[in-house]
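Asks: This is the structure, below, for whatever I ask next.
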Amino acid sequence: MPLLTDKVFLSPMAGISSLPFRMLNRGFGCGFCFLEMINCRSLSYSSRKTQEMMKTSKEDKPLGVQILGAKKEFILKALEKLQDYQMDILDFNAACPQKKITSRGEGAALLKTPKTLNKLLKLIVKNSDRPVTAKIRLGWNDFSHARDIALYAQDAGIHALFVHGRTKEQGYSGKVNYKAIRMIKKAVDIPIVGSGDILSAELAKRMLDETGCDAITVARGALGNPWIFKEIKEFLKTGKILKRPSIKDIAKTMKLHLDLGCDFYGERRGVVNFRKFFIWYTRYFKGTKPLRNKVTRINTMLETARLVDDFLLC
């Protein structure tokens, strides 16, 4: 798949991967981004929240859309809604471990019925004019069927497979199973994108080296850390570890992130949305706990910017 010439993707993260977040990370070297995961039912009904999640710009390229669903009628309706949307990849989620999703037979629940996953992917491939990919985990509670799940997905005609190296029951705890991802890579003929614990340049290289995967996708590693994309690319190219940003550079980026969010959401929502990012940006610095407590109670850009200035004094 030509788009895999960029080896580092930004994952779709619920409540995170909005247009401001994507554009901030693109400015620090991220090439390919995904929207937040889109529920096919919500997209079918053109919900206001879903329409906001899908806002993009001409600079927001290349771009992937990840859809979630299990009912054919809603998947087909969603594909119809996406027909004119400017995206480069259409990804199908069979990996989300959240109980409210798996209880509907969606996300990681499909790992228990690989034949059903195969049928849904065939439906999507047949009705999409964009390259189709899928996101899976290693299995429900063990990885004994991981190879079969991957082969069923490949059989549907998808262009690439994103593989998170944990089971559904692990959630985001425990260790990533590099050997299981490598087993999948050896079993299929399509590109494999490794996922899970890409928290540093060194861990990015480990994923590539130990699994043989074709690319990687960054999720939690980008929270409060847009520099990770430049760091990964430099380390893969030269083996050099870039110097971490200074507290002054971090504060400057925080204010840029705040501005982008308030421009997109409006001041009130932009400030509320930025609160969690403030915590992520400052989490590894001593003496910042009072600031993290305070940020949950402020409501204006000016107050938030002043709190960023206070962070500079830590």
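The values are calculated or read from the model by the stated rules, or taken from the named source; none is laboratory data. A quick note: this is a predicted structure, and the numbers were derived from the prediction, not measured. Note that each Cβ is placed from the backbone with ideal geometry, even for glycine, and that neighbours are counted across all protein chains shown. Heads up: the accessible areas ignore ligands, DNA and RNA and are worked out on the full protein's heavy atoms, side chains in. Shrake-Rupley method; radii C 1.70, N 1.55, O 1.52, S 1.80 Å.
Asks: Taking θ as phi - 60°, what are the ³J(HN,Hα) couplings along the range 170-179 by the Karplus curve (6.51, -1.76, 1.60), each to the nearest whole Hz, with x for Gly and Pro?
Replies: 5, x, 10, 9, x, 8, 6, 9, 5, 5
Asks: Determine the gain in length on full extension of the stretch ASP88-LEU236; use 0.36 nm per residue of separation and subtract their C-alpha separation, reporting nm with one decimal.
Replies: Details: separation 148, 0.36 × 148 = 53.28 nm, distance 2.47 nm.
Working it through step by step, the gained length comes to 50.8 nm.
Asks: What's the angle, to the nearest 10 degrees (0 to 90), between helix 247-265's Cα axis and the longest principal axis of the chain?
Replies: For helix 247-265, the angle is close to 70 degrees.
Asks: Is the shape of the range 73-173 best called rounded, prolate or oblate, per the rule: a/c under 1.5 gives rounded, else a/b larger than b/c gives prolate, else oblate, with a ≥ b ≥ c the square roots of the Cα gyration tensor eigenvalues? Before the final figure, lay out each step's value.
Replies: Values: a/c = 1.93, a/b = 1.61, b/c = 1.20.
Taking the square roots of the gyration eigenvalues as a ≥ b ≥ c, the range 73-173 is prolate.
Asks: On to the next question. With unit charges on the beta carbons (Lys and Arg positive, Asp and Glu negative) and the dipole taken about the Cα centre of the range 202-290, which residue among PRO290, LEU208, PRO226 sits farthest to the positive side?
Replies: Result: PRO290, furthest along the dipole toward the positive end.
Asks: Determine the dipole magnitude for the chain: charges of +1 sit on the beta-carbon of Lys and Arg, -1 on that of Asp and Glu, nothing else is charged, the reference point is the Cα centre, and the result goes in debye to the nearest 20. Show your work: numbers first, answer last.
Replies: Values: 55 positive and 31 negative charges, 168 e Å.
Around 800 debye, computed over the chain.
Asks: Treating the angle as unsigned and between 0 and 90°, give the value, to the nearest 10°, between the Cα long axis of helix 114-127 and the longest Cα principal axis of the chain.
Replies: Taking Cα atoms only, the helix is inclined about 80 degrees.
Asks: Same structure again: Let me spell out the model: positive unit charges on the Cβ of Lys and Arg, negative unit charges on the Cβ of Asp and Glu, origin at the Cα centre of the range 1-66. What dipole size does that give, in debye rounded to 20?
Replies: Values: 9 positive and 5 negative charges, 25 e Å.
Its charge dipole is roughly 120 debye.
Asks: Quick one: accessible area per residue over the chain, 1.4 Å probe, rounded to a whole number of Å²?
Replies: Dividing the accessible area of the chain by its residue count gives 47 Å².
Asks: Relative to the present Cα-Cα distance, how much length would full extension add between SER173 and SER47 at 0.36 nm per residue of separation? Before the final figure, lay out the partial values.
Replies: On the way: separation 126, 0.36 × 126 = 45.36 nm, distance 3.27 nm.
Gain on extension, SER173 to SER47, equals 42.1 nm.
Asks: So if I take the centroid of the Cα atoms in the range 12-57 and the same for the range 99-176, what is the distance between those two points in Å?
Replies: Cα centroid of the range 12-57 versus Cα centroid of the range 99-176: 21 Å apart.
Asks: Ignoring ligands, DNA and RNA, please state the percent of accessible area on the chain from carbon and sulfur, probe 1.4 Å. Kindly include the intermediate steps, with their values, before the conclusion.
Replies: On the way: 7700 of 14750 Å².
Looking at the chain in its full context, I get 52 percent from C and S.
Asks: Something else now. Quickly estimate the mean residue ellipticity at 222 nm for the chain, helices only: each DSSP H run with n ≥ 4 gives -39500 (n - 2.57), and the total goes over all residues, rounded to 500.
Replies: On the way: 14 runs with 143 residues, N = 314.
My calculation for the chain gives -13500 deg cm²/dmol from helical runs alone.
Asks: If packing is taken as the mean number of other Cβ atoms within 10 Å per residue, what is the order of 209-218, 30-39, highest first? Please list the in-between numbers first.
Replies: On the way: 209-218: 20.5, 30-39: 22.4.
Sorting 209-218, 30-39 by mean packing, highest first, produces 30-39, 209-218.
Asks: Report, in listed order, any pair from LYS99/LYS175; LYS72/LYS205; LYS243/LYS276; LYS179/LYS248 with a Cα-Cα distance greater than 31 Å. Before the final figure, lay out each step's value.
Replies: Values: LYS99/LYS175 21 Å; LYS72/LYS205 38 Å; LYS243/LYS276 25 Å; LYS179/LYS248 40 Å.
The answer is LYS72/LYS205; LYS179/LYS248.
Asks: Subtracting the Cα-Cα distance from 0.36 nm times the residue separation, let me have the gained length for LEU151 to ASP259 in nm, one decimal.
Replies: Values: separation 108, 0.36 × 108 = 38.88 nm, distance 4.50 nm.
Gain on stretching LEU151 to ASP259: 34.4 nm.
Asks: Separate question: Which net charge results when you count Lys and Arg as +1 and Asp and Glu as -1 among the other residues whose beta-carbon is under 10 Å from that of PHE143?
Replies: Net local charge, PHE143 excluded: +3.
Asks: What residues qualify as long-range amide H neighbours of LYS71, i.e. H under 5 Å apart, gap of 5 or more or another chain, H built at 1.01 Å from N?
Replies: none
Asks: Same structure again: Does anyone have the angle between helix 301-312 and the longest principal axis of the chain? Alpha-carbon axes, 0 to 90°, nearest 10?
Replies: 80
Asks: Could you identify which residue out of ILE198, ILE232, ILE279 has the top mean-square fluctuation in a GNM of the chain using Cα springs shorter than 10 Å?
Replies: ILE279
Asks: So which aspartates and glutamates can LYS185 reach, going by Cα to Cα under 14 Å and dropping same-chain residues fewer than 8 places off?
Replies: Within the straight-line cut-off, LYS185 pairs with ASP148, ASP209, GLU210, ASP214.
Asks: For THR50, THR116, give me the order by solvent-accessible area with a 1.4 Å probe, most accessible first, ignoring ligands, DNA and RNA.
Replies: Details: THR50 10, THR116 60 Å².
From most exposed to least exposed: THR116, THR50.
Asks: Okay, next question. Given Cβ point charges of +1 (Lys, Arg) and -1 (Asp, Glu) and nothing else, what value in debye, to the nearest 20, does the dipole of the range 9-158 about its Cα centre take?
Replies: 420
Asks: Taking a 18 Å limit on the Cα-Cα distance, which of the listed pairs LYS71/LYS112; LYS7/LYS112; LYS71/LYS115; LYS81/LYS126 fall beyond it?
Replies: On the way: LYS71/LYS112 16 Å; LYS7/LYS112 30 Å; LYS71/LYS115 14 Å; LYS81/LYS126 15 Å.
LYS7/LYS112, as the Cα separations exceed 18 Å there.
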